[in-house]
1. Just to be sure I understand, if you calculate volume of the Cα convex hull per residue in Å³ for this structure, which of (i) 131; (ii) 123; (iii) 195 do you get?
2. Going by Cα centres, region 1-17 and region 135-188 are how many Å apart?
3. Using alpha-carbon positions, what is the distance between the centroids of region 224-291 and region 22-38, in Å?
4. In nm, to one decimal, how far is the modelled label at D218 from the one at L284, with both set 7 Å along Cα→Cβ?
5. When a footprinting reagent is the concern and you count Cβ atoms within 10 Å, what order do H119, H175 take, fewest first?
6. Show me 254-264, 240-250 ranked by packing, highest mean number of other Cβ atoms within 10 Å first.
7. Of the residues L270, L58, L147, which exhibits the maximal mean-square fluctuation in a Gaussian network model of the chain defined by a 10 Å Cα contact cut-off?
8. Select from G93, V209, T178 the residue farthest towards the positive end of the dipole of the chain; place +1 on Cβ of Lys and Arg, -1 on Cβ of Asp and Glu, and compute about the Cα centre.
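Throughout, read-outs are computed from the coordinates displayed, never taken from laboratory work. Just so we're clear, the structure is a prediction, and the values are computed from it rather than from any experiment. Here Cβ is always computed from backbone atoms with ideal geometry, including for glycine, and neighbour counts include all displayed protein chains.
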Amino acid sequence: MRLNVRLIECFHAIMTVGTVTAAADMLNTSQPAVSRSIQQLEAALGLKLFDRDKGRLLPTSQAFSLFEEVKKTFLGLEHIARVASNLKSYQSGSISIVCSPAFSNGFISEVATRFIETHKNVSLTVETHLAPTIAELMSAQRFDLGLAAYSLFPAATDTEVFAEPDEVCILPPNHPMTKSRVITPQCLAGSRFIFLGGSDPYRFRLDKVFETAGVERDLVIETRNTATVCAMVLRGAGVAIVNRFTAVDYLDAGLTMRRFSASLPFTSTLLRAKLRPTSPLVDLFIRELYRVRDHYLALSGTALDRQPHIESE
């Protein structure tokens, strides 16, 4: 007789509940079937696992030693069953996302926190890169999702516009221009200005607006990160034009947000790798991304529509 799972099940049942009768009930079978299985197991292993005493099976020391190993196997099977159950209910798995710096602070943290609150056994991998690197990583299928701060169409990805709200003017607390509802290029003439550097296309687009208006700014600080821009504006280093997703994270600290008269859409792209295994968890994560997007846009809308404080003369 060869060793098989059923023989081990019968042995595990007897060692767990103590009697052939209880083991048979546990396995929904007959007492003779359990007894035969034990005999077959002893023959297959070449071990005496039980002493027979008036119809009772009394475990030998070898039976107790074997049971310790069998318990490990059953614990492993129970773990597999739990994992399978979690997978079935979308409570287990992993998701990877790479995003632009504009989303790497409060926004993606909010998405991740909300998601793991309802999917506690899901592991998340989040990385931050600039758009060209995001395009390369997504084409190589290194991540499930990408969230880029520009229009991107890498190979082997499905893409969609995630959001394209107009950029806004941000000001330090109590700045004189906080009394205005809309900031024009002329309002910023001569202002100390913090701007995105390098080859950022949004920077070049913004420069064109001021050149067309014939307005000169005092370009005091150049940086590549919008979060750095917001932190500097908050501390009074200057003013800036940035995307709403980054600016919203600094509103509670006192940053003031105002509409900019020139329409400068901040177009972001959601990318999904075509060749990675599909998972309903990714769909659920995308749904959370859009929920948080709507939340951030609502917060920025409220801040922009808030009546400016105008001191009485």
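1. For volume of the Cα convex hull per residue in Å³, the calculated option is (iii).
2. So the two Cα centres are separated by 62 Å.
3. 64
4. So the label points at D218 and L284 sit 5.4 nm apart.
5. Sorted ascending by nearby Cβ count, the order is H175, H119.
6. 240-250, 254-264
7. Largest GNM mean-square fluctuation: L58.
8. G93
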